[in-house]
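**Q** Dropping a structure here in structure tokens format, bear with me for questions.
The values are calculated or read from the model by the stated rules, or taken from the named source; none is laboratory data. These figures come from a predicted structure and were not determined experimentally. Neighbour counts are summed over all protein chains in view; Cβ atoms, including those assigned to glycine, are modelled from backbone coordinates with ideal geometry.
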């Protein structure tokens, strides 16, 4: 029999996280600070709205682009929050999580030979999605000295005449870094000067702890036409399992994305869409409350790592801190394996998010204070052992 | 900081001032003095422990009593409320809108003991015109806390 598998797919590296998961899952009594999803339950009013929609028999396909009512709510929400105006009929597409939006956005734009600039460290699916779309992923290493913000200098190292798209992942997973308006301005100028298009992945937009609320790159002058804004319900509303995201962008692009979405997916889950309408209408206070609680933990975890002597810049977004472990002369993976075997604490090696994550670990604070304290206590013991070994 | 401090303390009053300071991005001195102030202003009315007595050897019953009263010429409902809340057995008293006036929550060792309290202490008070006693059969959630949380963390140990 022939080998029916596409070699291009075989060539895609499995996620570094997966490997680590396999080890951790085999061990008992592991305390994990390794997850990329909220610990809060979805607010009850959202769940209740979903149950009600099922009782009402709302169990059929929706329009390909998603329920009109949901798109209208999203348009209002996006305007209220980020001062962005999108036409709910032609410029918003409801997707199966932000991940699908990234995938089909790339597929709608990337041609063979196109280069896609991907700041790293960043979320694991950008590179494989670019590859599968037939493009060439070009990692743009971010610098710890810049608190892992993207700078024009970083981009200048990697820009070529073939560069077409910039993926812009802020607030960032895994570093927790954010981009303020002042940080965004030179990036916007660069994008315009080089005639690039931006996929701005703002899935953590609501989890931003700086004094100023999150600013979307698309809201800068003349940028909306150059941006596909990706967001979703997973992080802000604690709805990961509902698989619901959305993309907002120029009508010409959204139209083509809707075509791919229509043939590949048909429509996002109906129950989730009804739940999401409720989320947008009624859950602002719940989201704010979760944000306050994340912020408490964030401060606590940053302080704890600094007290342990691990350099850790202050991350103002998402729910991760990204301390440096370079001083121990181990790779990120060695450090994480040793921590797992010695103290049964699971954190994720920075290299799972790109080579420039070497020397760092991603620590999630989507855990209760009690769990964080126990885990941080164990990490401290581990570090003391390393230090005493000299 | 007040609202956030209260929000944290409401959930966990045992948390140390040092930890509170870190979580709120304040100094321990500022947190300490804010807590002190709120105690003086009686915003923080007390710190107590939620106990699920059903899980202990102790027998306890809780009754919720609807009480109708005649308000007093001077002092309105407050005076009669005081005569009721001063009893050791009474854990809560609320003035209500609607069909009755006061909700009185009483704890006792047995239904008999509570019934005796209602008959001999509460119903006999002059301004009290009627009482309706409802015994609590099971507490599912009390003061925002689930009595029998069934939650486990079902998230994968590591995820992107």
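**Q** Take the conditions outside the structural domain of residue B:118 (by TED's automatic domain parsing), farther than 30 Å from residue B:115 by Cβ and exposed (fewer than 11 other Cβ atoms within 10 Å of the Cβ) and apply them to residue B:33. Does it pass? Explain how you work it out, then say what you get.
**A** Values: outside the structural domain of residue B:118 (by TED's automatic domain parsing): yes; farther than 30 Å from residue B:115 by Cβ: yes; exposed (fewer than 11 other Cβ atoms within 10 Å of the Cβ): no.
Criteria not met by residue B:33.
**Q** Filter the stretch A:1-13 down to the residues that are outside any helix (DSSP H, G or I) and more than 14 Å from chain B (Cβ to nearest Cβ), then identify the one that is nearest to residue A:350 (Cα to Cα).
**A** So the first thing to find is which residues in the stretch A:1-13 are outside any helix (DSSP H, G or I), and the list is A:1-6, A:11-13.
Narrowing further to those that are more than 14 Å from chain B (Cβ to nearest Cβ): A:1-6, A:11-12.
Numbers: A:1: 40, A:2: 38, A:3: 35, A:4: 34, A:5: 30, A:6: 29, A:11: 22, A:12: 19 Å.
Going through the qualifying residues, I end up with A:12.
**Q** Take the residues in the stretch A:145-158 that are out of contact with any helix residue (DSSP H, G or I) (no Cβ under 8 Å at 6 or more places or on another chain) and not in a helix (DSSP H, G or I); name whichever of them is surrounded by the most Cβ atoms within 10 Å (Cβ to Cβ).
**A** Once the filter is applied, the top-ranked residue is A:148.
**Q** At least 2 residues that are touching a strand residue (DSSP E or B) at 6+ places or on another chain (Cβ under 9 Å) and under 28 Å from residue A:320 (Cα atoms) in each: list the helices (runs of 4 or more DSSP H) lying fully within the stretch A:33-144 that qualify.
**A** Those helices (runs of 4 or more DSSP H) span A:68-82, A:97-109, A:126-132.
**Q** What single numbered condition from (1) assigned to a helix (DSSP H, G or I); (2) in contact with a helix residue (DSSP H, G or I) (Cβ under 9 Å, 6 or more places away or on another chain) fails to hold for residue B:112?
**A** (2)
**Q** Continuing with the same structure: Sort through A:358, A:314, A:334 and tell me the only one that's without any contact (Cβ under 8 Å) to a residue 12 or more places away in the chain and touching a strand residue (DSSP E or B) at 6+ places or on another chain (Cβ under 9 Å). Before the answer, list the steps.
**A** Values: A:358 fails: without any contact (Cβ under 8 Å) to a residue 12 or more places away in the chain; A:314 fails: without any contact (Cβ under 8 Å) to a residue 12 or more places away in the chain.
It is A:334.
**Q** Also, I was wondering about something else. Can you tell which of A:105, A:97, A:134 is in contact (Cβ under 8 Å) with a residue 60 or more places away in the chain, at positive phi and touching a helix residue (DSSP H, G or I) at 6+ places or on another chain (Cβ under 9 Å)? Talk me through it step by step, then tell me what you get.
**A** Values: A:105 fails: at positive phi; A:134 fails: in contact (Cβ under 8 Å) with a residue 60 or more places away in the chain.
None of the others qualify; the one that does is A:97.
**Q** Go through the stretch A:266-292 residue by residue and tally those that are within 14 Å of chain B (Cβ to nearest Cβ), touching a residue at least 60 places away in the same chain (Cβ under 8 Å) and surrounded by fewer than 20 Cβ atoms within 10 Å (Cβ to Cβ).
**A** Filtering the stretch A:266-292 for residues within 14 Å of chain B (Cβ to nearest Cβ) gives A:285-286, A:288-292.
Then drop every residue that is not touching a residue at least 60 places away in the same chain (Cβ under 8 Å), which leaves A:286, A:290-291.
Okay, now just the ones that are also surrounded by fewer than 20 Cβ atoms within 10 Å (Cβ to Cβ), so A:286, A:291.
Within the stretch A:266-292, residues that are within 14 Å of chain B (Cβ to nearest Cβ), touching a residue at least 60 places away in the same chain (Cβ under 8 Å) and surrounded by fewer than 20 Cβ atoms within 10 Å (Cβ to Cβ) number 2.
**Q** Which numbered condition in (1) away from chain B (no Cβ under 14 Å); (2) within 27 Å of residue A:175 (Cα to Cα); (3) at pLDDT 95 or above is the only one that residue A:50 fails?
**A** The number of the failed condition is (2).
**Q** Give the number of residues within the stretch B:123-160 that are part of a loop (DSSP other than H, G, I, E, B) and within 13 Å of chain A (Cβ to nearest Cβ). I'd like the intermediate steps shown before the answer.
**A** Our first condition is that a residue be part of a loop (DSSP other than H, G, I, E, B); within the stretch B:123-160, this holds for B:123-127, B:136-140, B:143-144, B:147-157, B:159-160.
Next cut, within 13 Å of chain A (Cβ to nearest Cβ) only: B:144, B:149-157, B:159-160.
The qualifying residues number 12.
**Q** While we're here: Could you identify the single residue in B:19, B:58 that is out of contact with any strand residue (DSSP E or B) (no Cβ under 6 Å at 6 or more places or on another chain) and modelled with pLDDT under 95?
**A** Numbers: B:19 fails: modelled with pLDDT under 95.
It is B:58.
**Q** Continuing with the same structure: Would you pick out the residues in the stretch A:178-208 that are closer than 27 Å to residue A:234 by Cα and in contact with a strand residue (DSSP E or B) (Cβ under 7 Å, 6 or more places away or on another chain)?
**A** A:178, A:197, A:198, A:199, A:200, A:201, A:202, A:203, A:204, A:205, A:207, A:208
**Q** Pull up the stretch A:14-25, narrow it to residues that are over 11 Å from residue A:336 (Cβ atoms) and free of Cβ contacts under 8 Å to residues at least 60 places away in the same chain, then point me to the one that is farthest from the other protein chains (Cβ to nearest Cβ).
**A** Taking the stretch A:14-25 first, the residues over 11 Å from residue A:336 (Cβ atoms) are A:14-15, A:18, A:21-22, A:25.
Filter once more, so that each one left must be free of Cβ contacts under 8 Å to residues at least 60 places away in the same chain: A:14, A:18, A:21-22, A:25.
Details: A:14: 12, A:18: 9, A:21: 4, A:22: 9, A:25: 6 Å.
Per the criteria, the residue is A:14.
**Q** Take residues that are over 30 Å from residue B:148 (Cα atoms) and within 14 Å of chain A (Cβ to nearest Cβ) and tell me which of the helices (runs of 4 or more DSSP H) falling wholly in the stretch B:7-88 contain 1 or more. Break it down stepwise before answering.
**A** On the way: elements: B:17-24, B:28-40, B:76-85.
So the answer is B:17-24, B:28-40.
Every residue, every condition in (1) in the same structural domain as residue A:258 (by TED's automatic domain parsing); (2) surrounded by 22 or more Cβ atoms within 10 Å (Cβ to Cβ); (3) under 17 Å from the mean Cα position of the chain (by Cα), yes or no:
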{"residue": "A:91", "(1), (2), (3)": "yes, yes, no"}
{"residue": "A:99", "(1), (2), (3)": "yes, no, yes"}
{"residue": "A:103", "(1), (2), (3)": "yes, yes, yes"}
{"residue": "A:113", "(1), (2), (3)": "yes, no, no"}
{"residue": "A:118", "(1), (2), (3)": "yes, yes, yes"}
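**Q** So, one more: Suppose we filter A:12, A:31 for residues that are surrounded by 15 or more Cβ atoms within 10 Å (Cβ to Cβ) and either assigned by TED's automatic domain parsing to the domain that holds residue A:370 or under 22 Å from the mean Cα position of the chain (by Cα) (or both); which single one remains?
**A** On the way: A:12 fails: surrounded by 15 or more Cβ atoms within 10 Å (Cβ to Cβ).
Result of the check over A:12, A:31: A:31.
**Q** Now for a separate question. Residues that are within 15 Å of the chain's Cα centre (by Cα) and within 14 Å of another protein chain (Cβ to nearest Cβ): does the stretch A:140-156 have at least one?
**A** Checked against the condition, which is being within 15 Å of the chain's Cα centre (by Cα) and within 14 Å of another protein chain (Cβ to nearest Cβ), the stretch A:140-156 yields no hits at all.
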